[in-house]
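Just below is one structure, and these are the notes that go with it.
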Amino acid sequence: MNAAVVALRGGLTGKRFAVGSQPITFGRGDENDIVLTTPSASRVHAELRREDSVYVLYDRDSTNGTWVNGAAVTFRQLQPGDQIMIGDEVFRFELADTRSTILPTPTPAGDRLAPQAPKPVLRVTVTGGGPVGLSFALLLEHLMGPRAAVKVYDSRCPEPPIPEAPARCSRVPVQPRRLDGDVAQRPGLDRGSRSAQYPDRVR
């Protein structure tokens with residue numbers, strides 16, 4: 001902290017006197033740090049010293065007294081802005097804290113990050129695809145990762161499900177479909193009946 005006294009009235013008006021670790025004295029004698037011109041001042045009138053982290057003004061048994069903010073004092077711990085009066089000369093005590101303080105930068109209300117909504121998940125069900133459906137599910141999982149939830153239902157699904165499958169593989173019966181141009185087998189139809197219905201397709 002840097003302390004100083006600034007002359008507000010009298011022959012030293014406008015002058016600034018720094019207060020360091022050593023005491024400074026006020027008085028008419030030339031040996032003083034602040035030489036007063038008022039005839040009301042004693043030869044060594046007052047002394048200002050630093051004690052730990054505070055500054056204390058002492059009257060040095062002057063004839064006309066030392067005043068702070070209009071009150072006579074024998075000693076007084078000074079606060080920033082206090083006015084010291086000796087005769088017709090007035091000084092202001094100033095104290096500046098040179099320690100830098102880093103304060104967090106406030107975030108404007110408009111710049112606050114809004115909570116992010118959960119990302120949508122694509123839900124896909126592959127039914128009766130066999131190896132083709134499983135390959136499609138693996139490809140979809142590889143391309144989309146956690147953004148896709150795939151279920152594979154196939155009557156030919158192995159037990160237990162294939163470990164690398166991206167989703168559950170349940171043995172749900174699925175009506176076989178015509179995938180390769182042949183006739184799908186239906187319950188109750190033997191080769192003869194299919195031959196009768198589709199003579200051109202049964203070999």
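Between LEU139 and SER40, residue separation times 0.36 nm minus the direct Cα-Cα distance comes to 25.6 nm. Placing a label point 7 Å from the Cα of THR74 along the Cα-to-Cβ line, the residues of region 43-61 whose backbone N sits under 16 Å from it are 46-47, 57-61.
Given all pairs of different Cα atoms, what value in angstroms does the Kirkwood hydrodynamic radius of region 33-81 take? Numbers along the way, then the final one.
On the way: mean 1/r = 0.0867 Å⁻¹.
By the Kirkwood definition, the hydrodynamic radius is 11.5 Å.
Taken one residue at a time, the phi angles of region 19-26 give Karplus couplings (6.51, -1.76, 1.60, θ = phi - 60°) of 10, x, 6, 8, x, 10, 10, 10 Hz. Gly and Pro are set to x. Is the C-alpha gyration tensor of region 1-63 telling us rounded, prolate or oblate? Criteria: a/c under 1.5 is rounded; beyond that, a/b larger than b/c is prolate, otherwise oblate. Judged from the Cα gyration tensor, region 1-63 comes out oblate (a/c at least 1.5, b/c at or above a/b).
Every read-out reported here was derived from the displayed coordinates using simple, explicitly stated rules and does not represent laboratory data. Values in this document were obtained by computation on a predicted structure and should not be read as measured data. Methodologically, a virtual Cβ is constructed for each residue, glycine included, from the backbone with ideal geometry; neighbour enumeration extends over all protein chains shown.
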